[in-house]
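See structure below.
What follows is calculated from the coordinates using simple rules that are stated; it is not laboratory data. Model, not experiment: these values are computed from the prediction. Here the Cβ is made from the backbone with ideal geometry for all residues, glycine too, and neighbour counts use every protein chain on show.
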Amino acid sequence: MNYKIALIPGDGIGPEIVAEAKKVLDKVCETYGHSFSYEEVLLGGASIDVHGVPLTEEAVETAKASDAVLMGSIGGDAKTSPWYKLEPSKRPEAGLLAIRKALNLFANLRPAYLYDELKGACPLKEEVIGDGFDMIIVRELTGGLYFGERKTVEENGVTTAVDTLTYNENEIRRIAVKAFDIAMKRSKKVTSVDKANVLDSSRLWRKVVEEVAKDYPEVTLEHMLVDNCAMQLVHNPGQFDVILTENMFGDILSDEASMVTGSIGMLSSASLNETKFGLYEPSHGSAPDIAGKGIANPLATILSAAMMLRYSLDLDKEADAVEAAVQKVLTEGYRTVDIMADGMKQVGTKEMGDLIAER
Ligand code: NAI
Ligand code: MG
């Protein structure tokens, strides 16, 4: 198959890790007879340096004309980088928010998977880890509290701030459909997380999710209150497969879930719109502290590329192969410095990419 992929190397370690993901995708093409064409897109600091703004119209158009976008990470060191002398709306992060919005990416996917080989980095006790865990959080990204009306008012000398949490049934339905579709590609269980004992928006959430579930008889649906979910993630993470939730709960729970894996350099993510199109990026940032040193862990980006194969290009077998290669390289004892442990073989960014491509 032929696909058009927009590549956003970005800032800091971004260009180094995206190069390794591309190396792996080239190998996928060679092995399975596909042909991907790449178009490079500037975003964040890299775009500011060339165009004076973190995102151009042209960059958005290139992204839109592609089948999927693979991104490194953007941003610099806020204390030293000249990008942060600009006003907030002109800084690198503004470009990322703007492109997500322009592409209508309402579904954010964050897997949290514990490799047996990296159990040592997991902060949970052995009896809690059990057989490990393999979950994916599906977070609504363009509605709820972060996008509702907000205001601060002064009355009789008292300041009051108001944020509004709004969801309509269509917004809930489309994210629920994504979660159930994903569950069909996994072990067919959805845990929908809300606060239905208190919030009207959560009661509507529950009702709509129940309706959507009727179209997926093979998928088991359970509801969980968000405070309980926060506890369960560190008490019994193995119970989860797909966690479906709204914007703010998802923000908090996905960070919690990523911390229980203990390895930031391993965590992929995706943001999807209503079609198959999506933007894929590691969960971590641009790590300016290690940029240019050739030591960054490219696995989160390589695993993001695997998600791209699975969710945007429908190349499941190829995605499985990339994930199996990552597993194999870890089993063989290769580690970048961030996941290094006694007795393992330390490799740099490029070597790690080579190893995955070979496997
Ligand atoms: P960060 O994730 O870039 O780094 C946190 C720590 O983890 C650092 O010590 C870093 O060296 C390490 N680390 C991160 N990724 C790694 C990898 N692949 N291999 C080895 N070590 C890795 O978070 P930080 O320092 O808070 O932010 C740095 C910049 O990244 C900021 O400008 C921030 O705004 C931006 N950022 C961008 C994101 C994005 O592009 N989506 C997301 C988060 C932060
Ligand atoms: Mg967050």
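Karplus-based coupling profile of the range 228-245, in residue order and whole Hz: 5, 4, 4, 6, 4, 4, 9, 9, 7, x, x, 6, 8, 10, 9, 9, 9, 7, with θ = phi - 60° in 6.51 cos²θ - 1.76 cosθ + 1.60 and x standing for Gly or Pro. Between Thr142, Thr331, Thr164, the GNM of the chain built on Cα springs shorter than 10 angstrom shows Thr164 fluctuating the most.
With q set to 0.18, 0.20, 0.22, 0.24 Å⁻¹, the log10 of I(q)/I(0) for the range 152-240, from the Debye formula over equal scatterers at the Cα positions, is -0.84, -0.98, -1.11, -1.22.
Computed from point charges on the beta carbon alone (+1 for Lys and Arg, -1 for Asp and Glu), the dipole magnitude for the chain about its Cα centre is near 160 Debye.
Would you tally the net charge around Asp11, using a Cβ to Cβ cut-off of less than 12 Å, leaving Asp11 out, and scoring K and R as +1, D and E as -1? All intermediate terms of the calculation are to be shown ahead of the outcome.
Numbers: positive: Arg91; negative: Glu16, Asp49, Asp77, Glu93.
Cβ neighbours under 12 Å give a net charge of -3.
Look at the alpha carbon pairs under 8 Å that are at least 6 residues apart: their mean separation over the length of the range 1-79 gives a relative contact order of 49 percent.
If you restrict to DSSP beta bridges whose two residues both lie in the chain, what percentage is antiparallel, to the nearest 5?
Restricted to the chain, the bridges split so that about 40 percent are antiparallel.
A cut-off of 5 Å between modelled amide H atoms, ignoring neighbours fewer than 5 places along the same chain, links Glu40 with Leu7.
Would you compute, from DSSP H runs of 4+ residues alone, the mean residue ellipticity of the chain at 222 nm, taking -39500 (n - 2.57) per run and dividing by the full residue count, rounded to the nearest 500?
So the calculated ellipticity at 222 nm is -12500 deg cm²/dmol.
Identify which of Ala21, Ala325, Ala306 has the largest mean-square fluctuation in a Gaussian network model of the chain, with springs joining Cα atoms closer than 10 Å. Highest fluctuation among the options: Ala325.
Annotation: amide H-H contacts under 5 Å for Ile136 (H modelled 1.01 Å from N, sequence separation of 5 or more, or interchain): Ala112, Val242, Ile243. Each 10 Å bin from zero up to the one holding the largest Cα-Cα distance in the range 91-175 carries the following percent of pairs: 13, 26, 23, 26, 10, 2, 0.
Scattering from the chain was approximated by placing one identical point on each alpha carbon and applying the Debye formula without solvent; log10 I(q)/I(0) at 0.07, 0.10 1/Å stands at -0.30, -0.63.
Rounded, prolate or oblate: pick one for the range 40-126, where a ≥ b ≥ c are the square roots of the eigenvalues of its C-alpha gyration tensor, a/c under 1.5 means rounded, and failing that, prolate if a/b is larger than b/c, else oblate. Don't skip to the answer; put the middle values down first.
Values: a/c = 2.76, a/b = 1.56, b/c = 1.77.
Oblate is the answer for the range 40-126, as a/c is 1.5 or above yet b/c matches or exceeds a/b.
State, as an integer percentage, the relative contact order of the chain based on alpha-carbon contacts under 8 Å between residues 6 or more apart. Don't skip to the end; give the middle numbers.
Details: 737 pairs, mean separation 78.4, N = 359.
Value for the chain: 22 percent.
Shown in residue order for the range 327-336 are the 3J(HN,Hα) couplings computed by the Karplus curve 6.51 cos²θ - 1.76 cosθ + 1.60 at θ = phi - 60°: 4, 5, 5, 5, 4, 6, x, 7, 9, 7 Hz (x for Gly and Pro).
Note down the relative contact order for the range 123-261 as a percent, whole number, built from C-alpha pairs under 8 angstrom at least six residues apart. Normalised by residue count, the contact order of the range 123-261 is 38 percent.
Sequentially through the range 253-259, phi angles give Karplus couplings (6.51, -1.76, 1.60; θ = phi - 60°) of 5, 6, 5, 4, 4, 5, 5 Hz, Gly and Pro residues having no value and appearing as x.
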